[in-house]
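A short write-up of the structure that comes next.
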Amino acid sequence: MWLGPNAVLALKREGYGLFDVSFRDAWEALTSPGLRHLAWSNLGFGLQEFWRAIYVPAQVRQLQRYIPEITAADVRRGPSGVRAQALDENGSLVDDFIFQTAPVSPTHSPG
């Protein structure tokens, strides 16, 4: 049985391994105001999710709430994927597209 999915911050844009890191990508993510707001407001959950991602017995304990007889020997780590998520500056998740309109200047007409 595969474990997952979970939601942990990827520290590399194309980082499909649990410990793949690009310092440039990580720095860009960690200095983003939106990510800092999201992370701070969900710090406890995020740390637990990361712990369960790296330590399979912790995830198995979570699964035992639903399947009491499952053990770590019954599971193996599944493949990783990277899912982009758009955030605004306040750390709120946004849809895949944001449409904004601006007033048209009277001296410029569209087209």
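The values are calculated or read from the model by the stated rules, or taken from the named source; none is laboratory data. Bear in mind that the values here come from a model prediction, so they are computed numbers and not experimental data. For neighbour counting, all protein chains shown are included, and Cβ atoms are generated from backbone atoms with ideal geometry for every residue, glycine included.
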Quick check: anything in segment 94-111 under 19 Å from K12 (Cβ atoms), surrounded by fewer than 13 Cβ atoms within 10 Å (Cβ to Cβ) and among the aromatic types (F, W, Y)? no
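Has segment 80-90 got any residue that is in contact with a Ser or Thr (Cβ under 8 Å, 6 or more places away or on another chain), surrounded by 12 or more Cβ atoms within 10 Å (Cβ to Cβ) and not in a loop (DSSP other than H, G, I, E, B)? Spell out how you get there, then give the answer.
From segment 80-90, those in contact with a Ser or Thr (Cβ under 8 Å, 6 or more places away or on another chain) are 87; that's our starting set.
Adding the requirement that they be surrounded by 12 or more Cβ atoms within 10 Å (Cβ to Cβ) leaves 87.
With the extra rule that they be not in a loop (DSSP other than H, G, I, E, B), the set shrinks to 87.
Looking through segment 80-90, at least one residue is in contact with a Ser or Thr (Cβ under 8 Å, 6 or more places away or on another chain), surrounded by 12 or more Cβ atoms within 10 Å (Cβ to Cβ) and not in a loop (DSSP other than H, G, I, E, B).
Out of V82, V75, report the one residue that is in contact with a strand residue (DSSP E or B) (Cβ under 9 Å, 6 or more places away or on another chain) and of a type in the set (A, V, I, L, M).
On the way: V82 fails: in contact with a strand residue (DSSP E or B) (Cβ under 9 Å, 6 or more places away or on another chain).
Criteria check complete, one pass: V75.
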Residue pairs within 7 Å by beta carbon, gap of at least six or interchain, first lying in segment 87-105 and closer than 17 Å to L35 by Cβ, second among the hydroxyl-bearing types (S, T, Y) and not in a loop (DSSP other than H, G, I, E, B), listed first then second, are G91/S41
Just one of the numbered conditions (1) within 14 Å of N6 (Cα to Cα); (2) of a type in the set (D, E, K, R); (3) at pLDDT 90 or above is not true of E69; which one? (1)
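Any chance you could count how many residues in segment 35-79 are exposed (fewer than 10 other Cβ atoms within 10 Å of the Cβ) and out of contact with any Phe, Trp or Tyr (no Cβ under 9 Å at 6 or more places or on another chain)? It would help to see each step written out before you state the result.
Residues of segment 35-79 exposed (fewer than 10 other Cβ atoms within 10 Å of the Cβ): 44, 65-66, 68-69, 73, 79.
If we keep only those that are out of contact with any Phe, Trp or Tyr (no Cβ under 9 Å at 6 or more places or on another chain) too, we end up with 44, 65-66, 68-69, 73.
Count: 6.
Matching residues to (1) without any contact (Cβ under 8 Å) to a residue 12 or more places away in the chain; (2) among the basic types (K, R); (3) part of a loop (DSSP other than H, G, I, E, B); (4) within 21 Å of N90 (Cα to Cα):
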site: V8; (1), (2), (3), (4): no, no, yes, yes
site: D25; (1), (2), (3), (4): no, no, no, yes
site: G34; (1), (2), (3), (4): no, no, no, yes
site: G46; (1), (2), (3), (4): no, no, no, yes
site: W51; (1), (2), (3), (4): yes, no, no, no
Under 7 Å between Cβ atoms, which residue pairs at least 6 apart in sequence (or on different chains) link something in segment 62-80 that is under 18 Å from V8 (Cβ atoms) with a partner that is among the β-branched types (V, I, T) and not in a loop (DSSP other than H, G, I, E, B)? V75/V56; V75/V60; R77/V56
Can we say F19 is farther than 14 Å from V8 by Cβ, surrounded by fewer than 12 Cβ atoms within 10 Å (Cβ to Cβ), in contact with a Leu (Cβ under 9 Å, 6 or more places away or on another chain) and not small (G, A, S)? no
